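Student: The structure under discussion is supplied below as structure tokens; questions concerning it will follow.
The values are calculated or read from the model by the stated rules, or taken from the named source; none is laboratory data. Values in this document were obtained by computation on a predicted structure and should not be read as measured data. Cβ: placed from backbone, ideal geometry, glycine included. Neighbour counts: every protein chain shown. Protein only, heavy atoms only, side chains kept; ligands, DNA and RNA dropped before computing areas. Shrake-Rupley method; radii C 1.70, N 1.55, O 1.52, S 1.80 Å.
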Amino acid sequence: MGGGMTIVERTQVFLLPDLGEGLSEAEIVEWRVAVGDVVTVDQSVVEVETAKAVVDVPCPYAGRVVTLHGAAGEVRPVGQPLITIAPLDGGDEPAGHVTYREEERAGSGNVLIGYGTGHGTATRRRRRPRLAVAPEPVDAGPTAAGGPSGAAAASGDPASPAAALVISPIVRRLAREHGVDLHTVRGTGPGGVIRRADVEAALTAPAARLAAVPDPQVGSAPVGDGDMIVPLTGVRKVIADKLSRSRREIPEVTIWVDVDATGLLETRAAINAATPDAPVSILALLARICLSGLRRFPQLNARVDTEAQHIVQSAGVHLGIAAQTDRGLLVPVLRDAQRLTTAELAAELAATTAAARAGSLPPARLTGGTFTLNNYGVFGVDGSTPIINHPEAALLGVGRIVDKPWVVDGQLAVRKVTQLSLTFDHRVCDGGVAGGFLRHVADCVERPALLIAAV
């Protein structure tokens, strides 16, 4: 056959692909197709949630859907069957055949939407939120995986309850984990959409707490009256594993200093007054200061390779930004951040954190960081001793900026004060380097003119 196509005289089983570095499983959020549907090459067939992102998975085969391997809410291991496609009986496809791209035959079909399997240039675009049917299937057989028609439509029972209106997969997951029937929840969002707050409010009801008793199939122990079980899965499991590994492997040290941030706030106000169409955030200025510090002290932009027994200093700064989301703490990465202007940093930070909270970042954007900036001051706290984001070697934390008494030119004054903390891997450097970096950052916060001189 020509045109890069191959004809195969049998059904094709598409296996769950490797969706990102270190990911071994994914949870089915919503099937885009149902048994009997006809699919084309690269058509999105299922939305899954990994420990890092919610992604659409395209199928590299064309034909008719025979089996959906798994129901909504089920966790599937990478490399296990996801969907089975059978030959079409007629139409444009030859009878008894399934077509797919030759390049997919050579590999595993592990291609996500946006990366593409075709020969043309593919582009990614954010998927618009849409109302989705979110019934909880009673019989979780392979063919009852909750396709577009839903469980109620499949049964043909006109007395079945109306479908719950849910946009966010996080809301569906929260309800599922706590045993909340979404059909009993009153949505307070636009058009009756069920929000996270609605599910959390339902959890306060006695019936909801009783329904939260763990499924015996997951091996949870019985709980006392009113206790709630929160499974350690998905992003929470990855966070737990990664932070535990960080504490086991990295001999970390935290140092800190209080700084007068009045000058930094005044500088930001001056920049934004001059460029109102491209406002700059405090986080962007702090990121710029960190990049300046890492240029002077590249020892902290590194990682330790324990197997090779050497330290790897990265040529570029892949800046991680800690972002609190509905799915937990994520650290999206701005690759080669040192190449961005301050205005570009501000725009990229705003777009990246918004995408992280929306769950639309691809897994590749959540790995490969070399240094992390953590603004925990947004939670109203002054200081912290954060755990290093393994395998990085350092993390700068910034507390809240508050009015405090401060001595200026021998006189007591009220200034905008914050606390900076640096947690570093003592294997990559000693206190002199770490202290020099933190002092440079503090000096630039207090006197932003030094940052201009150092750029």
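Student: Exactly one condition in (1) closer than 21 Å to Ser244 by Cβ; (2) of a type outside the set (Asp, Glu); (3) more than 30 Å from the chain's Cα centre (by Cα) is false for Pro405; which is it?
Tutor: Condition not satisfied by Pro405: (1).
Student: Restricting attention to helices (runs of 4 or more DSSP H) lying wholly within the stretch 226-297, give those where 2 or more residues are among the acidic types (Asp, Glu) and more than 23 Å from Val398 (Cα to Cα).
Tutor: The qualifying helices (runs of 4 or more DSSP H) are 234-249.
Student: Filter the stretch 17-35 for residues that are modelled with pLDDT under 90 and part of a loop (DSSP other than H, G, I, E, B); which is most open to solvent (accessible area, probe 1.4 Å)?
Tutor: Glu21
Student: Among Ala240, Ala274, Ala287, which is among the aliphatic types (A, V, I, L, M), within 24 Å of Ala449 (Cβ to Cβ), open to solvent by 30 Å² or more (accessible area, probe 1.4 Å) and out of contact with any Lys or Arg (no Cβ under 6 Å at 6 or more places or on another chain)? Talk me through it step by step, then tell me what you get.
Tutor: Working: Ala240 fails: within 24 Å of Ala449 (Cβ to Cβ); Ala287 fails: open to solvent by 30 Å² or more (accessible area, probe 1.4 Å).
Testing whether each residue is among the aliphatic types (A, V, I, L, M), within 24 Å of Ala449 (Cβ to Cβ), open to solvent by 30 Å² or more (accessible area, probe 1.4 Å) and out of contact with any Lys or Arg (no Cβ under 6 Å at 6 or more places or on another chain) leaves just Ala274.
Student: Residue check, Ala364 against (1) under 30 Å from His310 (Cα atoms); (2) among the small types (Gly, Ala, Ser); (3) part of a loop (DSSP other than H, G, I, E, B), all met but one. Which one?
Tutor: All conditions are met except number (3).
Student: Shifting gears a bit: So is Glu348 part of a helix (DSSP H, G or I), over 21 Å from the mean Cα position of the chain (by Cα) and closer than 14 Å to Ala287 by Cα or not? Working first, answer last.
Tutor: Details: part of a helix (DSSP H, G or I): yes; over 21 Å from the mean Cα position of the chain (by Cα): no; closer than 14 Å to Ala287 by Cα: yes.
Judged against the criteria, Glu348 is not a match.
Student: Ok, one more. Any idea which of (1) crowded, with 16+ Cβ neighbours inside 10 Å; (2) over 30 Å from Gln309 (Cβ atoms); (3) of a type outside the set (Gly, Ala, Ser); (4) modelled with pLDDT of 70 or more is the one Val230 doesn't satisfy?
Tutor: (1)
Student: Leu334 fails exactly one of the following numbered conditions: (1) in contact with a Phe, Trp or Tyr (Cβ under 9 Å, 6 or more places away or on another chain); (2) over 30 Å from Glu200 (Cα atoms); (3) of a type outside the set (Asp, Glu). What is the number of that condition?
Tutor: Unmet for Leu334, out of (1) in contact with a Phe, Trp or Tyr (Cβ under 9 Å, 6 or more places away or on another chain); (2) over 30 Å from Glu200 (Cα atoms); (3) of a type outside the set (Asp, Glu): (1).
Student: Give the residues of the stretch 319-346 that are open to solvent by 20 Å² or more (accessible area, probe 1.4 Å) and in contact with an Asp or Glu (Cβ under 7 Å, 6 or more places away or on another chain), sorted by residue number.
Tutor: Once the filter is applied, which keeps residues that are open to solvent by 20 Å² or more (accessible area, probe 1.4 Å) and in contact with an Asp or Glu (Cβ under 7 Å, 6 or more places away or on another chain), the stretch 319-346 yields only Leu340.
Student: Let me ask you something else. If Leu265 satisfies all but one of (1) surrounded by fewer than 19 Cβ atoms within 10 Å (Cβ to Cβ); (2) in contact with a Lys or Arg (Cβ under 7 Å, 6 or more places away or on another chain); (3) more than 12 Å from Pro448 (Cα to Cα), what's the number of the condition it fails?
Tutor: So the condition that Leu265 fails would be (3).
Student: Tell me which residues, restricted to the stretch 36-76, are open to solvent by 20 Å² or more (accessible area, probe 1.4 Å), touching a Lys or Arg at 6+ places or on another chain (Cβ under 6 Å) and small (Gly, Ala, Ser).
Tutor: Ser44, Gly73 - these are the residues of the stretch 36-76 that are open to solvent by 20 Å² or more (accessible area, probe 1.4 Å), touching a Lys or Arg at 6+ places or on another chain (Cβ under 6 Å) and small (Gly, Ala, Ser).
Student: Among all residue pairs at least 6 apart or on different chains, which show Cβ distances below 7 Å where the first residue, located in the stretch 63-76, is more than 18 Å from Val235 (Cβ to Cβ) and part of a strand (DSSP E or B) and the second is of a type outside the set (A, V, I, L, M, F, W, C) and open to solvent by 50 Å² or more (accessible area, probe 1.4 Å)?
Tutor: Close Cβ pairs (under 7 Å, with a partner that is of a type outside the set (A, V, I, L, M, F, W, C) and open to solvent by 50 Å² or more (accessible area, probe 1.4 Å)) amount to Val65/Asp37; Val66/Thr11; Thr67/Pro142; Thr67/Thr143; Leu68/Pro142; Leu68/Thr143.
Student: Within the stretch 290-307, how many residues are more than 24 Å from Gly436 (Cβ to Cβ) and either crowded, with 22+ Cβ neighbours inside 10 Å or in contact with a helix residue (DSSP H, G or I) (Cβ under 8 Å, 6 or more places away or on another chain) (or both)?
Tutor: Selection size over the stretch 290-307: 1.
Student: Right, here's the next one. Select from the stretch 374-396 the residues that are among the aliphatic types (A, V, I, L, M) and assigned to a loop (DSSP other than H, G, I, E, B) and list them in ascending order. Please lay out each step first, then the result.
Tutor: Filtering the stretch 374-396 for residues among the aliphatic types (A, V, I, L, M) gives 378, 381, 387-388, 393-396.
Passing the criteria: Val381, Ile387, Ile388, Ala393.
Student: Return the only residue of Ala356, Ala315, Ala308 being in a helix (DSSP H, G or I) and either more than 20 Å from the chain's Cα centre (by Cα) or not charged (D, E, K, R) (or both).
Tutor: Just one listed residue meets the conditions, Ala356.
Student: Same structure, new question: Counting only residues that are without any contact (Cβ under 8 Å) to a residue 12 or more places away in the chain and either crowded, with 16+ Cβ neighbours inside 10 Å or assigned to a loop (DSSP other than H, G, I, E, B) (or both), how many does the stretch 397-414 have?
Tutor: Counting residues in the stretch 397-414 that are without any contact (Cβ under 8 Å) to a residue 12 or more places away in the chain and either crowded, with 16+ Cβ neighbours inside 10 Å or assigned to a loop (DSSP other than H, G, I, E, B) (or both) gives 2.
Student: For Leu349, are the conditions met, namely being farther than 30 Å from Arg172 by Cβ, open to solvent by less than 10 Å² (accessible area, probe 1.4 Å) and in contact (Cβ under 8 Å) with a residue 60 or more places away in the chain? Walk me through how you get there before you give the answer.
Tutor: Values: farther than 30 Å from Arg172 by Cβ: no; open to solvent by less than 10 Å² (accessible area, probe 1.4 Å): yes; in contact (Cβ under 8 Å) with a residue 60 or more places away in the chain: yes.
Judged against the criteria, Leu349 is not a match.
Student: Okay, next question. Could you tell me whether Gly79 is closer than 24 Å to Pro231 by Cα, open to solvent by 30 Å² or more (accessible area, probe 1.4 Å), part of a loop (DSSP other than H, G, I, E, B) and not acidic (Asp, Glu)? Steps first, please.
Tutor: On the way: closer than 24 Å to Pro231 by Cα: yes; open to solvent by 30 Å² or more (accessible area, probe 1.4 Å): yes; part of a loop (DSSP other than H, G, I, E, B): yes; not acidic (Asp, Glu): yes.
Spelling it out, Gly79 is indeed closer than 24 Å to Pro231 by Cα, open to solvent by 30 Å² or more (accessible area, probe 1.4 Å), part of a loop (DSSP other than H, G, I, E, B) and not acidic (Asp, Glu).
Student: Looking for something within 22 Å of Arg303 (Cβ to Cβ), open to solvent by 10 Å² or more (accessible area, probe 1.4 Å), of a type in the set (D, E, K, R) and in contact with a strand residue (DSSP E or B) (Cβ under 7 Å, 6 or more places away or on another chain) - is there at least one such residue anywhere in the stretch 364-371?
Tutor: So far as the stretch 364-371 goes, yes, one or more of its residues are within 22 Å of Arg303 (Cβ to Cβ), open to solvent by 10 Å² or more (accessible area, probe 1.4 Å), of a type in the set (D, E, K, R) and in contact with a strand residue (DSSP E or B) (Cβ under 7 Å, 6 or more places away or on another chain).
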